[in-house]
Amino acid sequence: LFWRSSWCAGNMAEDPVNVNEYQELARQALPKMYYDFYAGGAEDQHTLKENMEAFRRITFRPRILRDVSKINLSTTILGYNVSAPIMIAPTAFHKLAHPEGEVATARAAAASNVIMILSYVSMCTVEEVASSCNAIRFFQIYVYKRRDVTAQLVQRAERSGYKAIVLTVDVPRLGRREPDIKNKMIAPQLKNFEGLLATQVVSDEGSNLQAFAASTIDASLSWKDIGWLRSITKLPILIKGVLTHEDAIKAVEAGAAGIVVSNHGARQLDYSPATISVLEEVVHAVKGKVPVFVDGGVRRGTDVFKALALGAQAVLIGRPVVYGLAVKGETGVRRVTEMLKDELELTMALSGCPTLKDITRGHVITDPERL
Ligand code: FNR
């Protein structure tokens, strides 16, 4: 691994004041190959732009004179008390952003009291992350052709006190991420994989990411396999990667304890819809049977508010966390999380919502043709 010597944004006179400024500082701090890996999306990157643009098309119907002298952001997620309806999405390879990797991210999650979802393709082990702090942690998995590897990891996560399994279902194959192909981005060594190092997988396409996914992930996975997963763990299972009401209903029937509306940060199927534009469809289908979460393009507290108004119980943030990590390690992740919390708090105050329960569909305007 190599990275630039300073993790601090020395050339920016002032501290970043929003997530987008963290992105710019991360771009300056990281080697191009790694920045592109984090920031990029699939093919034309249409969905990448849309994830954010669709939030911008939603406006507010703020209410007035509602006593907003005290604002309470706290909530419970799967029964766990957290400081805000914001979770850290699973993202791969945190040591490419900072030498402390996922441990730094987990410590920031603990300090901010938000849930961290550890990626299956992490560079710190499930045990290292677990013993580093008391963050509430979920563990994200893919189901591998080697079911025994998946089962072992799930059991290790369960033994190490992870509270839920997040099954990501939108990667039967890896999306075509052209910046990674151009940069010949090589997947680094993965400590969680006994006997299987990503770096051993070679590809004639330059990057080995696609070949790595193709050689490991089980593309034959189907609904019946959720039963297998449930049989090997007592932990609740969230299904991540739902974009339609049909699949939302199937996920509930299959026993999911929650649903994450996600297009994988626009890294898989380009021209998938912006996640915020299909959230309501999923929420209506699920009828409150399980919580619905959403990720993709959340960069502002106003985005979090919009997602809650459209029925999400919480949002996940992916790239903002990695940018914070790249700029200032644990402190950067904490700042990013706290910034979004502060922005959400202000949005609630200015919209007349002292608690999360006060946020309703009536607080936002969407144009159904364009959303
Ligand atoms: C991801 N995402 C992801 N998802 C997952 O289930 N397992 C993983 O290992 C990864 N890895 C990963 C790496 C990077 C660099 C990114 C940007 C994303 C998807 C992630 O969990 C989440 O769905 C998106 O990142 C949400 O979109 P935003 O917040 O990045 O716009």
Computed label-point distance, nm, for sites ALA349 and ASP225 using a 7 Å Cα→Cβ extension
4.8 nm
In whole Å, how far is the Cα centre of region 329-371 from that of region 80-114?
19 Å
Projected onto the charge dipole of the chain (unit charges on the beta-carbon of Lys, Arg, Asp and Glu, signs +1, +1, -1, -1), the Cα from ILE181, MET339, THR125 with the largest positive-side position is that of THR125
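Hey, with R₀ at 22 Å, roughly what FRET efficiency would LYS145 and TYR271 work out to, going by the Cβ-Cβ distance, to 0.05? Numbers along the way, then the final one.
Details: r = 28 Å, r/R0 = 1.28.
After rounding to 0.05, the efficiency reads 0.20.
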Computed over the Cα atoms, what is the radius of gyration of region 30-80 divided by 2.2 N^0.38 Å, N being its residue count?
1.93
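Fewest Cβ neighbours within 10 Å first, please rank ASP218, ASP270 accordingly. Spell out each step's value before the answer.
On the way: ASP218 15, ASP270 19.
Going from least to most buried by this count: ASP218, ASP270.
Could you grab the Rg to Rh ratio for region 143-192? Cα atoms only, Kirkwood for Rh.
Values: Rg = 14.4 Å, Rh = 13.5 Å.
Checking Rg against Rh, the ratio lands at 1.07.
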Taking the C-alpha atoms of the chain, convex hull volume expressed per residue in Å³
128 Å³
Under 19 Å from a point 7 Å along the Cα-to-Cβ line of ASN18: which residues of region 38-52 have their amide N that close?
49-52
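Calculate the translational D of region 77-160 in whole µm² s⁻¹ from Stokes-Einstein, where the hydrodynamic radius comes from the Kirkwood formula applied to all Cα pairs, the temperature is 25 °C and the viscosity 0.890 mPa s. Intermediate results must be reported in sequence, preceding the final value.
On the way: Rh = 13.1 Å.
Roughly 188 µm²/s, to the nearest whole number.
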When N counts the residues of region 116-169, how does its alpha-carbon radius of gyration compare numerically with 2.2 N^0.38 Å, as a ratio?
1.03
Order of 98-104, 360-366, 233-239 by packing, highest average Cβ count within 10 Å first?
98-104, 233-239, 360-366
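For region 338-371, state which GluC sites (Glu not before Pro) are in a DSSP loop and have at most 10 other beta carbons lying within 10 Å of their beta carbon. List each step's numbers first, then the result.
Numbers: sites: GLU338, GLU343, GLU345, GLU369; in loops: GLU369.
Those that pass, being in a loop and sparsely packed, are GLU369.
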When the Debye formula is applied to the Cα atoms of region 239-371, each taken as the same point scatterer, what base-10 log of I(q)/I(0) results at q = 0.10, 0.13, 0.14, 0.15 Å⁻¹?
-0.34, -0.57, -0.66, -0.75
If amide hydrogens are placed 1.01 Å from N in the peptide plane, which non-local residues have theirs closer than 5 Å to the one on ILE115?
ILE88
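Rounded to the nearest 500, what is the 222 nm mean residue ellipticity of the chain from helices alone, with -39500 (n - 2.57) per DSSP H run of 4+ residues and division by all residues?
On the way: 13 runs with 148 residues, N = 371.
Per the formula, -12000 deg cm²/dmol.
In the chain, which helices (entire DSSP H runs) extend 24 Å or more along their own long axis, judged by Cα positions, while averaging at least -1.0 on the Kyte-Doolittle scale? Intermediate results must be reported in sequence, preceding the final value.
Details: long enough: 319-351 (33 Å, 0.05).
Both cut-offs are met by 319-351.
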Lys, Arg +1 and Asp, Glu -1 on Cβ, resulting dipole of the chain about Cα centre, debye, nearest 20:
580 debye
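Determine, from the Cβ-Cβ distance of SER215 and LYS70 and an R0 of 35 Å, the FRET efficiency 1/(1 + (r/R0)^6), rounded to the nearest 0.05. Can you show the working numbers first?
Working: r = 54 Å, r/R0 = 1.54.
Taking R0 as 35 Å, the efficiency between SER215 and LYS70 is 0.05.
FYI, it's all coordinate maths here, none of it is from the lab. This one's a predicted model, so the numbers in the text were calculated from it and none came from an experiment. Cβ: placed from backbone, ideal geometry, glycine included. Neighbour counts: every protein chain shown.
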